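J.: Okay, here's the structure, questions in a sec.
The values are calculated or read from the model by the stated rules, or taken from the named source; none is laboratory data. Not measured: the values here are computed from a predicted model. Positions of Cβ are backbone-derived with ideal geometry, glycine not excepted, and every protein chain shown enters the neighbour counts.
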Amino acid sequence: MKVLGIESSCDETAAAVVADGRIVQSSVVASQVDIHRPYDGVVPELASRQHLRAVVPVVSRALAEAGIGSNQLDGVAVTRGPGLIGALLVGFSFAKAYAWALGLPWVGIDHLEAHIHSVFLGDDPPPFPFVALMVSGGHTCLYHVTGPTAMTPMGQTRDDAAGEAFDKVAKMLALGYPGGVVIDRLAAEGDPAKVAFPRPFLNRDTFDFSFSGLKSAVRRHLETHPAPSEKEMADIAASFQEAVVDVLAAKAVAACRRQDCRHLALVGGVAANRRLRHRLSADARSHGIAVHIPHPALCGDNAAMVAAAGFHRLAAGERAPLDEDVFSRHPTRSA
Ligand code: KG4
Ligand code: ZN
């Protein structure tokens, strides 16, 4: 079954063709980073306008790269939320119209469920059940995943997401946007033990996270140590990153042990972080837990993961009504 996936929840317009939820036949991602860089963050109205310009060419390219025509598609899956409403609406309305015109079944997909499916697109998919650590710009959550559409939340961030903290700290250090990847690079040159930043919630008996105190600790450090040298900047980046990684790795391993689960998936934009990939793999291995991490290209927002999640829902007979709407936040969650 070939599914066309479409993603437009934030600042990437993406389309992909995936067979049977596993085989990526094409994955096209048009990034808007250059448009938002002068503003040090995503400007929602500019994002919506750029999605409008990009959606048709991106879908055409995804079909061309998969070497198929639209008549060879079996269904359409599109991100429904959470995300920026105006941005979501572009991909969602396009997908509805496209599926209706072609007489194809279609479904709206939760962006977080899609990220979890990115782990099935590589060479090392986990067996069910597994624990998933989802770390992105908008979310930091742990799930117990027992089936392709069965994901029980175990914990989530009470304030900033991990990626948001990376982006804000990068901004404080004047490293530009997007910040996560720059901190990743700079931290490799620094000493992670140089500044003793707090490890929020590390010793609390909860699977929730909190990163806003850590972000404030970096701000206070910069106030008391102004005009850092290049070496000091690298030390701050490395020490901040180590604090985030310590908390994420400890909670993820504890969540696996709580569920008596031997498989852990790391997904979301922050899963591209080299230190996190390394530490989580090492820590989990020492507890007999196998870690499954998608290729970095599939960690950030893409449409292949949307198509993969959509395959299971379409195959189970799920169909979205034409009056279905997008959503900006989960009604039951605060972050
Ligand atoms: O999943 P994603 O592409 O979009 C959301 O759903 O939010 O995640 C984007 C986040 C951004 O905060 C970005 O700074 C972070 O992922 N990120 C990284 C790295 N690459 C992207 N954070 C740390 N290290 C990286 N290498
Ligand atoms: Zn995402």
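J.: Looking at the stretch 102-158 only, could you name the residues that are touching a Pro at 6+ places or on another chain (Cβ under 7 Å), assigned to a loop (DSSP other than H, G, I, E, B) and more than 13 Å from ligand 1 (Cβ to nearest atom)? Step through it out loud before you land on a result.
T.: From the stretch 102-158, those touching a Pro at 6+ places or on another chain (Cβ under 7 Å) are 111, 118-119, 121-122, 138, 141, 143-146; that's our starting set.
Among the residues that remain, those that are also assigned to a loop (DSSP other than H, G, I, E, B) are: 121-122, 138.
Within the stretch 102-158, L121, G122 meet the criteria.
J.: Something else: If I filter the stretch 125-148 down to residues being more than 18 Å from the chain's Cα centre (by Cα) and farther than 15 Å from A308 by Cα, which single residue comes out as surrounded by the fewest Cβ atoms within 10 Å (Cβ to Cβ)?
T.: P127
J.: Let me ask something else about it. Can you give me the number of residues within the stretch 259-269 that are surrounded by 24 or more Cβ atoms within 10 Å (Cβ to Cβ) and more than 10 Å from ligand 2 (Cβ to nearest atom)? Step through it out loud before you land on a result.
T.: First, pick out the residues of the stretch 259-269 that are surrounded by 24 or more Cβ atoms within 10 Å (Cβ to Cβ): 264-269.
If we keep only those that are more than 10 Å from ligand 2 (Cβ to nearest atom) as well, we get 264-266.
The qualifying residues number 3.
J.: Just to verify a result, which residue in the stretch 187-202, among those that are modelled with pLDDT under 95 and surrounded by 18 or more Cβ atoms within 10 Å (Cβ to Cβ), is farthest from K231 (Cα to Cα)?
T.: Among them, the one singled out is F201.
J.: Moving on to the next point. Among the residues of the stretch 159-185 satisfying the criterion of being in a loop (DSSP other than H, G, I, E, B) and more than 8 Å from ligand 1 (Cβ to nearest atom), which is farthest from A237 (Cα to Cα)?
T.: Restricting attention to the stretch 159-185, the residues satisfying the condition of being in a loop (DSSP other than H, G, I, E, B) are 159-161, 173-178.
From the residues that got through so far, the ones that are more than 8 Å from ligand 1 (Cβ to nearest atom) too are 159-160, 173-177.
On the way: D159: 21, D160: 18, L173: 9, A174: 12, L175: 10, G176: 13, Y177: 15 Å.
Step by step, filter the stretch 159-185, then rank; the result is D159.
J.: Kindly indicate which of R37, R49, R22 is over 16 Å from A95 (Cβ atoms), free of Cβ contacts under 8 Å to residues at least 12 places away in the same chain and more than 15 Å from ligand 2 (Cβ to nearest atom).
T.: Testing whether each residue is over 16 Å from A95 (Cβ atoms), free of Cβ contacts under 8 Å to residues at least 12 places away in the same chain and more than 15 Å from ligand 2 (Cβ to nearest atom) leaves just R49.
J.: Another question about this same structure. Can you name the strands (runs of 3 or more DSSP E) wholly within the stretch 1-42 that have at least 1 residues being in contact with a His (Cβ under 7 Å, 6 or more places away or on another chain)? Let's see the steps before the verdict.
T.: Details: elements: 2-7, 12-19, 23-31.
Because the criterion is at least 1 residues that are in contact with a His (Cβ under 7 Å, 6 or more places away or on another chain), the strands (runs of 3 or more DSSP E) in the stretch 1-42 that meet it are 12-19.
J.: In addition: Output the number of residues of the stretch 244-279 satisfying the condition of being more than 13 Å from ligand 1 (Cβ to nearest atom) and of a type in the set (A, V, I, L, M, F, W, C). It would help to see each step written out before you state the result.
T.: Kept after step one, since they are more than 13 Å from ligand 1 (Cβ to nearest atom), are these residues of the stretch 244-279: 246-247, 249-265.
Cutting the leftovers down to of a type in the set (A, V, I, L, M, F, W, C) gives us 247, 249-250, 252-256, 261, 264-265.
Residues flagged as more than 13 Å from ligand 1 (Cβ to nearest atom) and of a type in the set (A, V, I, L, M, F, W, C) within the stretch 244-279 amount to 11.
J.: Only one of D159, D205, D191 is acidic (D, E) and within 22 Å of Q259 (Cβ to Cβ); which?
T.: Working: D159 fails: within 22 Å of Q259 (Cβ to Cβ); D191 fails: within 22 Å of Q259 (Cβ to Cβ).
One residue alone meets the criteria, D205.
J.: Sticking with this structure for a sec: Of the numbered conditions (1) within 16 Å of ligand 2 (Cβ to nearest atom); (2) surrounded by fewer than 24 Cβ atoms within 10 Å (Cβ to Cβ); (3) in the same structural domain as F201 (by TED's automatic domain parsing), T152 satisfies every one except a single condition; which is it?
T.: Among (1) within 16 Å of ligand 2 (Cβ to nearest atom); (2) surrounded by fewer than 24 Cβ atoms within 10 Å (Cβ to Cβ); (3) in the same structural domain as F201 (by TED's automatic domain parsing), the lone unmet condition for T152 is (1).
J.: I need the full set of residues from the stretch 259-306 which are under 13 Å from L248 (Cβ atoms) and assigned to a loop (DSSP other than H, G, I, E, B), in order please.
T.: G268, N273, I293
J.: Among all residue pairs at least 6 apart or on different chains, which show Cβ distances below 6 Å where the first residue, located in the stretch 272-288, is assigned by TED's automatic domain parsing to the domain that holds A162 and the second is of a type outside the set (A, V, I, L, M, F, W, C)?
T.: Pairs found: A272/P296; N273/D184; R274/D184; R275/Q241.
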